[in-house]
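What follows is one structure encoded as structure tokens, with my remarks underneath.
The values are calculated or read from the model by the stated rules, or taken from the named source; none is laboratory data. If you're wondering where the values come from, they're calculated on a predicted model, not measured in any experiment. Neighbour counts are summed over all protein chains in view; Cβ atoms, including those assigned to glycine, are modelled from backbone coordinates with ideal geometry. Remember, those area values only see protein heavy atoms, side chains included, never the ligands or the DNA or RNA. Shrake-Rupley method; radii C 1.70, N 1.55, O 1.52, S 1.80 Å.
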Amino acid sequence: MANVFTYRVAELNRRGKTYQQMAADCDFKRSVTWWNKMYWTEIDNPPEPALFPYLAKALEVTERRVRELVAEQWCDVRPDDTVPEHLRTLLSVAREVDERDALKLVELAMVMYRKRVITMERDRYSAMLLEAYTVGSGGPLTAEQLGSLRLPEMRAVKNNPSLEVTPEAQAMLDAISEPKEE
């Protein structure tokens, strides 16, 4: 099982929340050192249930989500295997929403879904255009040609070993970082 509690601490820290802020948010029921050790997975014993309300505030999640994080990290019990990890915090919040507001959540989800579909369609057409562009280029791609491409297209060129590029274009491609896993 994953260190999901630790992952949440690391995620908040990466977004700029310090261990001092986490300790203050939980009314110093856990020290700055404890949060640091949690980040480095040096905590072997799970927090006591009496601390869950304080930890929820520090982790910016619901108490239920704290229980789920503890269950998964320390007891190897995953509350809902059908929901991806990156959506579990959202799901725990959605469970607490008043029924009258649930319709707004559904509308929000549909807007986000439509945005994702549009992005996928754009990328599909972009890939088709890129293929036509590279087939008709008549030689190695130049830095000038790559300069007219969007970042996803440049990544596609970078990850396609069959495409020939000039040394200047290769230097441009080497400078492109891979997208972060979500």
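Side notes on the structure shown:
- Accessible area of GLU107 in the full protein assembly, 1.4 Å probe (Å², nearest 10): 90
- Förster radius 41 Å - calculated FRET efficiency between ARG78 and ARG122 (Cβ-Cβ, nearest 0.05): 0.75
- Taking the 1.4 Å solvent-accessible surface of region 1-110 as the whole, the part contributed by carbon and sulfur is 53%.
- Rel. contact order, % - alpha carbon contacts under 8 angstrom, at least six apart, the chain: 16
- Solvent-accessible surface (1.4 angstrom probe) belonging to ASP174, in square angstrom, nearest 10: 100
- Directionally averaged shadow of the chain, computed from the convex hull of its alpha-carbon atoms, nm²: 14.5
- Overall, the accessible surface of region 115-172 at a probe of 1.4 angstrom is composed of carbon and sulfur to the extent of 61 percent.
- Lysine pairs meeting the criterion (Cα under 18 Å, 8 or more apart or interchain), as found in the chain: 7
- Charge dipole of the chain (Cα centre as origin; +1 on each Lys and Arg Cβ, -1 on each Asp and Glu Cβ, all else neutral): 420 debye, rounded to the nearest 20.
- Overall form of region 80-170 per C-alpha gyration tensor (a/c, 1.5; a/b vs b/c): prolate
- Stretchable slack from ARG155 to ASP174, in nm (0.36 nm times residue separation minus alpha-carbon distance): 5.9 nm
- Å² of accessible area per residue within the chain, as computed with a 1.4 Å probe and no ligands counted: 67
- Residue-level accessible surface for TRP34, protein heavy atoms, 1.4 Å, Å²: 30
- In this structure the amide hydrogen of VAL165, modeled in the peptide plane, comes within under 5 Å of the amide hydrogens of LEU141, none closer than 5 places in sequence on its chain.
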